[in-house]
1. Got a sec? How would A:Y177, B:Y114 order by Cβ neighbour count within 10 Å, fewest to most?
2. Most fluctuating residue of A:R93, A:R162, A:R136 in a GNM of chain A with Cα springs under 10 Å: which is it?
3. Per residue of B:129-138, count partner chain C-beta atoms within 10 Å of its C-beta, then hand back the mean as an integer.
4. State, as an integer percentage, the relative contact order of segment A:53-300 based on alpha-carbon contacts under 8 Å between residues 6 or more apart.
5. Apply the Karplus curve 6.51 cos²θ - 1.76 cosθ + 1.60, θ = phi - 60°, to the phi angles in segment B:143-154 and return the couplings in whole Hz, x for Gly and Pro.
6. What ranking do A:V221, B:V175 get, fewest neighbouring Cβ atoms within 10 angstrom at the top?
7. In deg cm²/dmol and to the nearest 500, what is the mean residue ellipticity at 222 nm of chain A if only DSSP H runs of at least 4 residues count, each as -39500 (n - 2.57), divided by the residue total?
8. Treat each spin label as a single point 7 Å out from the Cα along the C-beta direction, and report the A:R245 to A:Q69 distance in nm.
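Laboratory data are not the source of any read-out in this text; all were calculated from the coordinates shown. Predicted model, so just to flag it, every value in this text is computed and none were measured. FYI the Cβ positions are ideal-geometry reconstructions off the backbone, even for glycines, and counts take in every protein chain you see.
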Amino acid sequence: MPEQSMPEQSVAQAKTAGRRRSWRRSRVMRRLMRNPAALAAMATLVILTLIAIFANVLAPHDPNHVDLQNRLLAPGAGHLLGTDELGRDVLSRVLVATRVDLLASLQAVGLALVVGVPLGLLAGYAGGVGDAILSRIIDALMTLPPLMLAVVVVAILGPGLRNAMIAIAVLIVPSFYRVARGSTQSVAGELYIESARASGCSSWRILWRHILPGIAPPLLVQISFSASVVIVAEASLSFLGLGARAPQATWGLMLQEATASITTSSYLIYPPIVMVAITILAFSQLGDGLRDALGRQSNEGK
Amino acid sequence: MTNDIVSTSGHADEPVLTVRGLTKTYGRRPTWYRRHPHRLVAVNGIDLEVGPGETLGLVGESGAGKSTVGRLVLRLIEPDAGSIDLLGSDITTLRREELRRMRARATMVFQDPYTSLDPRMTILDSIAEPLLVQGGTGRSERYDKARSLVRRVGLNDAHVDRYPYEMSGGQLQRVAIARALITDPAFIVCDEPVAALDVSTQAQVINLLQDLQAERGISYLFISHDLRLVRLVADRVSVMRRGEVQETGPADRVFEAPEHAYTRELLAAIPGRTPRARRFAAPVGAAPAAPEPATGPALASAEEVVAPAQ
């Protein structure tokens, strides 16, 4: 009797998955754990996060302490990564910059998420004229050269890290909108959405309880990739003087300050470059890993 | 067109569902730049009536518009013309909130139980959801009722915390039935409720539906391409072809003395006489009974467009 025969495997899975945990999440975690690159990326991000949290404790010196007598010291004892042209400890600054950069990218991604996802959900679910108009506006936004758009936003709002993040959020809103809209359209065509309607669910409940959880996987991938884009964008804007301003320590700003003395003290450019490279590599590897782990799974039930 | 509605259902009780002149057309309307767009009349001016506690079987080949009718009478899709009187209200004019209330009293069981339940909700949450969205019930009250329905449909408490992927098709269809029942509806559209199940489970699910009808006096609109099954469960039968009802009458009469030529064709197309023979033959819907050459292409396009809705 097919009714009674439960596949052994899924019984075992049910037990490991726990009572309330989504099957998808548990299976995705297991798939991620089997992917060495994704595992390394997650470990790196955990370490970066710990650095960001404990930056003040880890920093051997005050990152903003100017000591003109010890300027442009080469790496060595006392100052492991040397000092910059104002005599500030580079190691301390790069650690503190980790916090600033991660928080800033969190802001930018969060803002883009909060704006792009609800719009994409509504456009994808409702369709019609509203969707057509909104989608054309988003398309128009995407055709603008990204750097120019950022310059315009900063010109309007004024320089500073926060405004640079708003500019970057504007830049990445379209990608969240498109991912949310496309995934919503495909989930909305599922039979269980029609079943929810037939059971008297309101549109809000359908969007919130049935569609949003369904589009979470592609959004997670997008968040991871966007985070790496934001890190690079922050570095670029700060390098151009449109982002963080002295004496704040960010990787982009450190890079910009380092270029002034690049002929005499080239060692100054490496710490921020390495940090940016490690971070974007970790985010994009995690994104790749997530995309693979969340890929269309074979329907075990069928 | 034969119409036995009046003679069989009687006037003692108000019908649960009365449909008059129901029409649904798919495709774009003609515009100045597209004078002859591809249009398909999925449902063309049909009349139906379902009495209290009665099962109306709706049969026909694939693409006949059966599933479209099932969705139209619950207004899951908007009709183009016609009136639908469901449980005393004209469902075509209900406002959004009134329609949502109506969904507690008239609901649907879908063909494919693997995809008709949210894969990210537990069985218990899925069953309790229709009650939750109607409001006015407490959490424990909802779950108690859901648990008692779980037992009523033949599952047990061990199933309630599972996710759909952990269960078989027959179990899932029981869950879908429990979900439909939790708001104590008077009318349920069963759209090919056992077509996705294997033969041994079909009978169990059909028996369950019949027992529940006897217990609760629910009316069914039972949509199926399986004529034997419809004969078994339906009190009356409507035969559809290409969006139109060809013949309506008591199940025994329609099957034993079909008045319409198409009904006879459909009956003749039932392969084999024994269950064993039937298992190796193509289903009726897959090979439409010898359409006249002139209607062939229209039938093909009808299948193309309507099939995804089923």
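1. B:Y114, A:Y177
2. Highest fluctuation among the options: A:R136.
3. The mean count of partner-chain Cβ atoms within 10 Å per residue comes to 3.
4. 22 percent
5. Karplus-based 3J(HN,Hα) across segment B:143-154 equals 5, 4, 5, 4, 5, 5, 6, 4, 5, 4, 8, x Hz.
6. A:V221, B:V175
7. Roughly -23000 deg cm²/dmol at 222 nm, from the helical runs in chain A.
8. 3.2 nm
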